[in-house]
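Only the coordinates and a few stated rules stand behind these numbers; no lab work does. All values derive from a computational prediction rather than experimental measurement. In this analysis, Cβ positions are derived from the backbone assuming ideal geometry, glycine residues included, and neighbour counts consider all displayed protein chains.
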Amino acid sequence: MAVSRRRLMTLAGAAALAAPYVRADERKVRLIVGTQDIALQETVNASKVLDGSPFDLQWATLPGPAAQLSGLYSKAIDVGLMGDTSLIIEQGRARTDWTGSNQPLQIVAGWRNLDRAYPPIITAVRTAANINTLADLRGKTWAFNFGGFNYLQYVLTRIKAGLKVSDIVPVQLVDTNAAAAAFNSGRADVFSGGPGPIIEALNKGTARILIISDDLDIPSLGVFTARADVLRDDAKSQALADFLNRVRLHWTWYANNLGAVERILVEKLKQTPDKAKYYAASGASVFRPLDDDLMRHEQRIADVLFESKDINKKIDVNIEFSRRFNQATVQAS
């Protein structure tokens, strides 16, 4: 199922406008932050780290990385939530080459759970499909969504298996929940994405993990991406740094209040208690510095995607990252 960029931009604008927002003080800077579901905004709000903030914050929910990108380009949001490889694909397929002075977007912060027991991204298979090795993926129906590290997980798993697109039956859907629904219903033999939406199948044994993102050397960070004009605006940049520092403090609260997080997921996201327990534990994260080590991982991924012709040109990933907010995310006291 394909959704046009124009349609996504319309949805992005509608979602941002529909988000509840009351301007408390016209003198305050307004920051609109996009998320793909309400989980992060609910835990941030519950942690009370935003109390007394000198900026006005508005949340906007736009499912999937493609919608986040459209929301950014349409200026419906200032900051979007996606995976750390979303901009690799965006830059690699852009008609105009990105440079250090014209890049439209930059990643400003990234985070993940560091516990290997909770892999952020996986490729899973249905037990009934009799897939025991990567080679067995040949000819199978494979569900994934375009954009971000879910798509990268699909691409790198396929490459590691020595397969071309023509060797499998791709089922590209709008977001990870749609891809998971296809997998859970039996319409796909293989799924690449976060384990949360298929956790019940994994727990029941009707599905199993074939390979995780760490085995493919994918950083698998959730990231905040900001528009270039937001970063050039001194007042908005200061508000963004303050916001990121408060989210950092929220991660400390989160790890110490998993029970409260579970209740939020049950009450606000209508998850089952078992699913909420998993999502709460797997969501406990820390910010990772945007540094040279990360750039080496990201550049390798970009080079692999170019060699596999999944992006059209060789790119420099450094252009996609702004390191100026590291102080707010990993070094602030």
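Using Cα springs under 10 Å in a Gaussian network model of the chain, which residue among Phe287, Phe306, Phe146 shows the largest mean-square fluctuation?
Its mean-square fluctuation being the largest, the pick is Phe306.
Just flag the trypsin sites (Lys or Arg not before Pro) in the stretch 37-138 sitting in loop per DSSP whose Cβ has no more than 16 other Cβ atoms within 10 Å.
Details: sites: Lys48, Lys75, Arg93, Arg95, Arg112, Arg116, Arg126, Arg138; in loops: Lys48, Lys75, Arg93, Arg95, Arg116, Arg138.
Those that pass, being in a loop and sparsely packed, are Lys48, Lys75, Arg93, Arg95, Arg116, Arg138.
Taking amide H positions as placed in the peptide plane 1.01 Å from N, state which residues far from Trp59 in sequence (5 or more) or on other chains have amide H under 5 Å from it.
The answer is Val33.
Please state, to two decimals, what the Cα-based radius of gyration of the stretch 41-132 comes to when divided by 2.2 N^0.38 Å (N = residues).
This ratio for the stretch 41-132 stands at 1.45.
With everything on Cα atoms, drop me the angle between helix 292-307 and the longest principal axis of the chain, reported from 0 to 90° to the nearest 10.
50 degrees
Any idea what angle helix 234-256 forms with the longest principal axis of the chain, computed on alpha-carbon atoms, 0 to 90 degrees, nearest 10?
Value to nearest ten degrees: 60.
Using the alpha-carbon atoms, what tilt in degrees (0 to 90, nearest 10) does helix 273-283 show relative to the longest principal axis of the chain?
70 degrees
Counting each DSSP H run of 4 or more residues in the chain as -39500 (n - 2.57), what helix-only mean residue ellipticity at 222 nm follows after dividing by all residues, to the nearest 500 deg cm²/dmol?
-12000 deg cm²/dmol
Test of the criteria: in the stretch 177-210, which trypsin sites (Lys or Arg not before Pro) are in a DSSP loop and have at most 15 other Cβ atoms within 10 angstrom of their Cβ?
Within the stretch 177-210, the qualifying trypsin sites (Lys or Arg not before Pro) (loop, at most 15 other Cβ atoms within 10 Å) are Arg187.
Could you estimate the translational diffusion coefficient of the chain from the Stokes-Einstein equation, with Rh from the Kirkwood formula over C-alpha pairs, at 20 °C and 1.002 mPa s, in whole µm²/s?
Answer, rounded: 105 µm²/s.
Cα gyration tensor of the stretch 122-216, axes a ≥ b ≥ c as square roots of the eigenvalues: rounded (a/c below 1.5), prolate (a/b > b/c) or oblate? Display every interim value, and only then the final one.
Values: a/c = 1.33, a/b = 1.13, b/c = 1.17.
The shape class here is rounded.
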